[in-house]
Amino acid sequence: MKMLYVCGSFKFIRKISELERKLKKENIEFMMLKKKSRRGIVGCLEKIDAADVVYVANPDGYVGKSVCVDMGYVYAKGKPIYLMYPIDDPQVMDMVKGALSLRN
């Protein structure tokens with residue numbers, strides 16, 4: 001089974017927690033950061049290295065600066081990126097495999 005890494009802005013921690021419950025319910029193996037770490041962006045990049053696929057939790061299409069760094073790193077590593085919602089930036093969307101919103 002492939003390992004999924006979920007990233008997103010901490011301003012959406014409630015939505016990310018909802019996503020966590022859904023993934024657990026479906027028995028999907030995943031990693032995510034739910035609180036800020038002393039390792040910061042390096043900790044995120046290490047999780048990306050360990051993942052096969054990255055899913056960006058981006059309610060309302062919002063992607064912050066740190067998540068943009070994550071996405072660029074994922075793309076450079078040649079790993080697929082999926083988003084919760086499309087981003088209003090065609091050049092960024094060119095890096096993404098698709099948008100997959102999770103329904104109940």
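The figures follow:
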| read-out | value |
| --- | --- |
| Meets criteria (in a helix (DSSP H, G or I), charged (D, E, K, R) and at pLDDT below 90) for GLU18 | yes |
| Unmet criterion (only one of (1) acidic (Asp, Glu); (2) assigned to a helix (DSSP H, G or I); (3) at pLDDT below 95) for ASP88 | (2) |
| Residue under evaluation TYR75, criteria (1) closer than 16 Å to SER9 by Cβ; (2) modelled with pLDDT of 95 or more; (3) out of contact with any Phe, Trp or Tyr (no Cβ under 7 Å at 6 or more places or on another chain); (4) not acidic (Asp, Glu), criterion not met | (1) |
| Every pair of residues 6+ apart whose Cβ atoms lie under 6 Å, when the first sits in region 17-28 and is closer than 14 Å to VAL54 by Cα while the second is of a type outside the set (A, V, I, L, M) | LEU23/PHE30 |
| Subset of region 22-41 (residues that are at pLDDT 85 or above and over 15 Å from the mean Cα position of the chain (by Cα)) | LYS24, LYS25, GLU26, ASN27 |
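The values are calculated or read from the model by the stated rules, or taken from the named source; none is laboratory data. It should be emphasised that the depicted structure is a prediction, and the values quoted were computed from it without experimental measurement. Quick reminder, even Gly has a Cβ in these numbers, built from the backbone with ideal geometry, and neighbours come from all protein chains shown.
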